[in-house]
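Novice: This is the structure, below, for whatever I ask next.
The values are calculated or read from the model by the stated rules, or taken from the named source; none is laboratory data. No experiment lies behind these values; they were computed from the predicted model shown. Note that we place each Cβ from the backbone using ideal geometry, even for glycine, and neighbour counts take in every protein chain shown. When the accessible area is computed, the model is the full protein with side chains, heavy atoms only, and any ligands, DNA or RNA have been set aside. Shrake-Rupley method; radii C 1.70, N 1.55, O 1.52, S 1.80 Å.
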Amino acid sequence: MMTDWVIREHFSILADQLDSLPFNSLRAARAKANLKALALNVSAAHQLFGRLLTDAESAGETAAAALLAMEIGDAEFVANATAALPDDAEQWEGIRRGLRLAAIGPLVEVLQQRLSGSRSRCRTALLDILSFHRLPIAVEHSWLTRHADDELFLTTITALSRSGDVHDRNIVAQAAQASAGGDAIEVLRAAARAGVAPLKVCRMRSVGDPPCLNSVRFLGVIGDESDHGLLRQLASREATASAATDAIGILGAAELLPDIIDAVSNPVTSQAAARALERISGTSVPRGDPPEPPEHLTEDERDFWHQPGEPLPDAVRLWWNRAQWSFDPGQRYQAGICVSDHPPDSVFDKLPDEIRRDVYLRQRARDFDNTPDRELETWPELHRTPKWATLPAAL
């Protein structure tokens, strides 16, 4: 039997892991280990989620309470508690995070019944949860009006992109084309997931006045060889230099590596160039000492403050002189792995978690029919099984 202190510690760690999503494999492993430890002590688990599901201090605590309740099979409590929750953004964000990771089979009918009649925050969370688990949803036309409720609009477009239905995919494509929605990164990602590569839109908005930086960066996800010149042009303009350099790193084209090496020497793009080089090569860029935290920060703020040191151009060029033969012209690289001449499945599991989404979205946008549906914001071992949470043999 665990002591109260140990139980609270397990719960605190679980809540910390769920305080921001998506998480990487290490954070997921820690979250799952602490969840299992709590689930072994049912009475203590009841006390924790019974209190914190409606009275948590953070979205992470609410998420942990909801997930724990489902883990030990108390779906009825979750159904009753969420019915009484106020329309509070942070609490419903916690419910969203927790139920994304839970086996929600016993709750499906309740969640679907509540969707249409719920208040704003609740409706947005329920829409995301149901679509996240690839469950049927009934979307109302008013939800597609961005100026009425921006968050609901973005969640609805994302939800429709997960369905695979031709009609839903067309709605997502229209949203990506529209000036009222297509500048949002959520809409661009939804379009790619729905098998639409909004290349023309991104190219046009990248050179607009003002330029759309989300569109610039997304050129790295879906762009091709014909975009190399545009990315070089955008990287030469101060307003778009950092975003374009980020895009070059996401694209990973070997031909553009010399441009990144040059950008390391430019104070405007040095940090973006270092990120791009690290992303493509999978190796750390030589840097100077990190700067000291600003004096006005509190002691707690200093603990979370981090600013990397400036890249060292001469050391970076020396590295490039030695490593350039590892990158073949005409190929694309991420984390030092060629991702252009192999099916994504052959390299997918070798890539860092934070890179996988862009590689997947590129393939989905370019070859929707032959790219399987995946959900990369769930437990890592279940990325390939989006419907796991409603299967009989769930987690």
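Novice: What distance in nm separates the two pseudo spin-label positions at ALA29 and SER284, each 7 Å out from Cα along the beta-carbon direction?
Specialist: Result: 2.0 nm between the two label points.
Novice: With a probe of 1.4 Å, find how much accessible area segment 1-132 has per residue, and write the answer as a whole number in Å². Don't skip to the end; give the middle numbers.
Specialist: Values: 5640 Å² over 132 residues.
Dividing the accessible area of segment 1-132 by its residue count gives 43 Å².
Novice: Follow-up. Once R0 is set to 35 Å, what does the formula 1/(1 + (r/R0)^6) return for the Cβ-Cβ distance between HIS228 and THR54, expressed as a FRET efficiency to the nearest 0.05?
Specialist: On the way: r = 54 Å, r/R0 = 1.54.
Once rounded, the FRET efficiency stands at 0.05.
Novice: Considering the values [x] 147; [y] 167; [z] 138, which represents volume of the Cα convex hull per residue in Å³ as calculated for the structure under consideration?
Specialist: Step by step, volume of the Cα convex hull per residue in Å³ for this structure corresponds to label [y].
Novice: Another question, then. Cut-off 10 angstrom, C-alpha nodes, Gaussian network model of the chain. Which of LEU18, LEU85, LEU152 fluctuates the most?
Specialist: Checking each option, the largest mean-square fluctuation is seen for LEU85.
Novice: Please get the size of the charge dipole for segment 209-254, origin at its Cα centre, with Cβ charges of +1 on Lys and Arg and -1 on Asp and Glu, quoted in debye to the nearest 20.
Specialist: About 80 debye.
Novice: Evaluate the distance, in nm, between pseudo-label points positioned 7 Å from the Cα of HIS306 and of SER340 along their respective Cα→Cβ axes.
Specialist: According to this spin-label approximation, the distance is 3.1 nm.
Novice: Once you have a ≥ b ≥ c as the square roots of the Cα gyration tensor eigenvalues for segment 209-267, tell me rounded if a/c is under 1.5, and otherwise prolate or oblate according to whether a/b is larger than b/c.
Specialist: Details: a/c = 1.75, a/b = 1.06, b/c = 1.66.
Verdict is oblate for segment 209-267.
Novice: Then there is this: Sequence-distant or interchain residues sharing an amide H contact under 5 Å with ALA253, placed H: which?
Specialist: HN-HN under 5 Å from ALA253: TYR333.
Novice: Determine the share of the chain's accessible area contributed by carbon and sulfur atoms, expressed in whole percent, with a 1.4 angstrom probe. List each step's numbers first, then the result.
Specialist: Details: 9370 of 18560 Å².
Whole-percent figure for carbon plus sulfur exposure: 50.
Novice: Provide the net charge surrounding LYS32, with neighbours chosen by a C-beta distance below 12 Å and charges set as Lys +1, Arg +1, Asp -1, Glu -1. If you can, show how the numbers build up before the last one.
Specialist: Values: positive: ARG27, ARG30, LYS36; negative: GLU71, GLU381.
Net charge in that neighbourhood comes out at +1.
Novice: Just how large is the dipole of the chain about the Cα centre, in debye to the nearest 20, putting +1 at every Lys and Arg Cβ and -1 at every Asp and Glu Cβ?
Specialist: Values: 41 positive and 56 negative charges, 236 e Å.
That gives a dipole near 1140 debye.
Novice: Tell me the trypsin sites (Lys or Arg not before Pro) within segment 106-152 that lie in a loop according to DSSP and have at most 14 other beta-carbon atoms within 10 Å. Mind showing how you got there, number by number?
Specialist: Details: sites: ARG114, ARG119, ARG121, ARG123, ARG134, ARG146; in loops: ARG119, ARG134, ARG146.
Qualifying residues, ordered by number: ARG119.
Novice: Just grab the label-to-label distance for GLN177 and ARG237, each label 7 Å out from Cα along the Cβ direction, in nm (one decimal).
Specialist: 2.4
Novice: May I pose another question? So which lysines can LYS36 reach, going by Cα to Cα under 24 Å and dropping same-chain residues fewer than 8 places off?
Specialist: Cross-link targets: LYS387.
Novice: May I pose another question? Do you know the relative contact order of the chain, to the nearest whole percent, from alpha carbon pairs under 8 angstrom that are 6+ apart? Before the final figure, lay out the partial values.
Specialist: Numbers: 588 pairs, mean separation 50.6, N = 395.
Computed over the chain, the figure is 13 percent.
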